[in-house]
Amino acid sequence: MNTIQHLSTEAPSVLGGHRLLKSSSCSYFVTTAHGFLLARRMLSGISQPEKYRRILVNSYNRKQSNSSNTTVKTSTKLPSVDHLTPSDAPSVSNAEGREDAASSSQWKERKDDGVDVRAGFSSGKDKKPALLTDSFEYFAFLRRLKRTAEKLLSSFPLAIAELAIIGALCAVGTLIEQGQSREFYLQKYSEDWAFGLFNGEWVLNLCLDHVYTAPYFLGLLALLAASLIACTSSRQIPLVKIARRWRFVNSGASISKLDFHETLPHARLADLAVLLAGDKYQVFMRGPSLYAFKGLAGRFAPIGVHAALLLIMGGATYSAIGGYHGTIMVPQGLNFMVGEAMYPAGFLSQPPDSFDTEVHINKFTIETYPNGEVSQFRTDLSLFNLRGQEVSRKVISVNDPLRYGGFTMYQTDWGISTIQIHVDGEGPFNLVAAPLQTGDNKLFGTFLPIGDNGLAGAKGISMLARDLQSVVIYDSNGAFAGVRRSGSEKPITVDGVTIIIDDIIGSTGLEMKLDPGVPIVYAGFAALMLTTVLSYLCHLQVWALQVDDSLVVGAKSNRNRAEFAEDLGKLLNFVPEIVRDRSMENIAPIISSTNEELSMQGTSAKMDNESSRS
Amino acid sequence: MIYLYVEQIFVYISFLILFLVTLLNLINFFFEIDKINHFSNNGMKFAFLCTTGFLTTRFFQTQHLPLGNLYESLMFLSWGFSFLYLISNVKNKKRLSAPVLATSALLVHAFAVLSLPHKMRESMSLVPALQSQWLMMHVSTTLISYATLLFGSLLAIVLLSIFHGEIKRYCVGNLTNNFEFRNKNYPLISKNFPKQIITESFSYSLFLNSRKCQLIHLLDKWTYQAISLGFSFLTIGIISGAVWANEAWGSYWSWDPKETWALITWLIYAIYLHIRINKKWMGKGSAMAASMGFFLVWICFLGVNLLGVGLHNYGWLI
């Protein structure tokens, strides 16, 4: 049913379009076009696309039905089938509407001619013309396949189930710690949870240690994307097409079937049109009938939401298979090549030229608040190209990365690389510091050996540092010896050795990323934010028909119906009722009064009608 | 030090007033006395002003929006509830939402004031990761979305608990789109025709205007409006968080527990919005989805802090 209706309105545009029919020479053109297509088919015998075949079949059917139904004007079925609908929407005046009606009759004649010619080919309604080849069936099969797939994928319970299962899996991923080693899971879940059914082995086998990259999770996401595409193409786009076609209704009966309808006695269509236009509707009038709508964005926005989600998923996929990332901990004063630190994320990664840049860490500092807590990490970076010229210089901090040549460098971590000391007046010596504790409370330590006991029995002075400011010193027996601030030049004597702490040299933890999918994802984000807000707009449609002296009004909305009914009722209250006073006709032919006044006099039965409906 | 005293004054006064307002609203809900209505509205306005005063004081003290730790977030949430109370005061005459909102504001406020240790209530300086303009947008929109979503879900719980067996009979959808089926052009006709016939029967039309029917209708309508507003805010909140993460740390989604639970909350409310369109599951199904959303929002807001891992562990309870 959907396809026939779809094609019957598409038919004019396929074979030349409504616009062509407006001029007098168009008929010749249309005949030529039509004849050309027919001739092409006859002579070359190439397989025509199935759409054309169905147009032929459908127009043949229509000819059959039209010849039998020429006198029947009103339809018992659906308002849109038996009325011609212009394919471009806005601002058609009454004159143009009449012209359309005239040209449409021209169109009917044209089709009759065509069908007569074609009657020679097809002997019956549904029989395929003899020139069809196998590719028809191939297209037909593909079309059937697409339709079945759409029907399966856009089924409502499936969509809800997908969302729910993805949500549940995400929740599981937060309960079970992700990305740890194998032994971690075996140890943590070693007891018999759930009577031995669930333990560390299960966690690993079901890929619960990396749920978010597990094949079933990604498969579910792909299925969700497929469902989104199927739903958009099979449900939402046809709805939009139907909603967009403004159609004038010529029978009061079909208006009465809408869920909100009213009959206003002694009212004029023009008054209603003015009121609606004042309420920000777009109003179209043709003859005795009127169509008005408001909030068309509310029909498009849900499609936009799905499209935005697909954009985000597509962008994220592209990032996952086409990016680069790398982390590096560089001591202050050293260099590294960008390309060496970056690893490709997937098979679509292509290194850009900017990977040949050398990065030099000029200085790394940690700023603190007066109470000692860390306020900011800053790294002064210089970028040099292959010829040794400095191409970029920036001080980056935690929320302020460096962007160059497509990749971005973020300040994410820090460490202590060496502690520089003077021993007994000699030096400076750089002692490499090792991380003893990582995470939030970092602890670094280094060791100054004393004496010549060899590697096995080395004894010495330990120095521990938590930040770049002070060092805690312990002697060879492990006893606490003292604390020194770096740069204070105060010596400390431990085990007979005098140490001056010169400096604590930090290293900066940088993370570099090249993410090609980010623009796509950002576009998806923006679209999602916008369309989510827009999709709460109601799409409101009002039809009205002037039947003799009274006005039949019907309305439909796709959301929030009750409030809409109230608002429209209030608007209808303002439509003036024309009261013809026969005795005063010479002086004042028409006296208008609003329905509100009449109702106050208690004369109008319309008020009872209204209250029973609201 | 003066800041501390001023803040404490604001906090305790608003706590007392919220307590009184909640009591008045609950009494009003059962006995419908007009004077109480008047008192409770004004009281709520005063409590709102006090909470705003607290937040402003914190802002002056720390030079950033007062959203840095759990205490401030809870006070912001309570502020959000009282703001919603005042808005719903303007919009609708039938005050179903007043007891719900007043109680929520009071409980959140009480939790912040009574249960959090004193150490957590001090204003802390921001860690480097939070020193960004995005802080204002991301955290505030997310908290406002929590407030609206919690409000909507509470209404859905009210709907379910009061009208447990009877929602189908007065099925909300059928109130207004009885005749749409006959006019549908699309081949995707639902299988609901038998139910249509039943609900258009004589006994149904008797109940059309009954108070119960109206109450169900109103509760459903308010749930939908609150949740749809909250859903937009939640979308903006999640997305601004993702963009901030990308600008600051290079990855817009890292499956952090809080991020993941925000996504799960988003999914459940998307499920709610979709169930609401389906003719068969409308009414009861949507109320159940929204009720589940209530618990998910609390897990998202407080539960993940208990885990103590991830980028969002600024508000540990332990």
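The values are calculated or read from the model by the stated rules, or taken from the named source; none is laboratory data. Predicted, not measured: the structure shown is a model, and the values here were computed from it. When we count neighbours, we look across all protein chains shown, and the Cβ atoms used for this are built from the backbone with ideal geometry, even at glycine.
Here is how the numbers come out for the structure above:
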item	result
Any helices (runs of 4 or more DSSP H) falling wholly within the stretch A:265-383 and containing at least 2 residues that are buried (at least 19 other Cβ atoms within 10 Å of the Cβ) and touching a helix residue (DSSP H, G or I) at 6+ places or on another chain (Cβ under 7 Å)	A:297-322
Residues being within 12 Å of chain B (Cβ to nearest Cβ), among the polar types (S, T, N, Q) and over 20 Å from A:ASP503 (Cβ atoms) - total across the stretch A:356-375	2
Whichever residue in the stretch A:439-490 is small (Gly, Ala, Ser) and within 55 Å of the chain's Cα centre (by Cα) and, among such residues, is surrounded by the most Cβ atoms within 10 Å (Cβ to Cβ)	A:ALA465
Qualifying residue in the stretch A:208-231 (condition: at pLDDT 85 or above, at negative phi and outside any helix (DSSP H, G or I))	yes
Filtered residues of the stretch A:547-577 (kept if crowded, with 20+ Cβ neighbours inside 10 Å and away from every other protein chain (no Cβ under 13 Å))	A:LEU551, A:VAL552, A:VAL553, A:LEU572, A:VAL575, A:GLU577
Single match in B:PHE231, B:PHE301 (criterion: modelled with pLDDT of 85 or more, more than 9 Å from every other protein chain (Cβ to nearest Cβ) and closer than 20 Å to B:SER140 by Cα)	B:PHE301
Restricting the stretch A:160-173 to residues that are in contact with a Ser or Thr (Cβ under 8 Å, 6 or more places away or on another chain) and at the interface with chain B (Cβ under 7 Å from one of its Cβ atoms), the residue that is farthest from B:LYS280 (Cα to Cα)	A:GLY173
A:GLY278 being at positive phi and modelled with pLDDT of 80 or more	no
All positions within the stretch A:384-423 that are at the interface with chain B (Cβ under 9 Å from one of its Cβ atoms), in a strand (DSSP E or B) and without any contact (Cβ under 8 Å) to a residue 24 or more places away in the chain	A:SER397, A:ASP400
Odd one out for A:ILE501, checked against (1) assigned to a strand (DSSP E or B); (2) under 30 Å from A:LEU269 (Cβ atoms); (3) in contact with a Lys or Arg (Cβ under 6 Å, 6 or more places away or on another chain)	(2)
Matching helices (runs of 4 or more DSSP H) fully within the stretch B:1-98 where at least 2 residues are over 19 Å from the mean Cα position of the chain (by Cα) and aromatic (Phe, Trp, Tyr)	B:2-31, B:34-62
Every residue from the stretch A:498-537 that is more than 12 Å from chain B (Cβ to nearest Cβ) and not aliphatic (A, V, I, L, M)	A:THR498, A:ASP502, A:ASP503, A:GLY506, A:SER507, A:THR508, A:PRO516
Condition broken by A:GLN332, with the remaining ones in (1) within 30 Å of A:ALA434 (Cβ to Cβ); (2) free of Cβ contacts under 8 Å to residues at least 60 places away in the same chain satisfied	(2)
Evaluation of A:ALA544 against (1) among the aliphatic types (A, V, I, L, M); (2) within 14 Å of chain B (Cβ to nearest Cβ); (3) under 30 Å from B:ILE277 (Cα atoms) (one fails), failing number	(2)
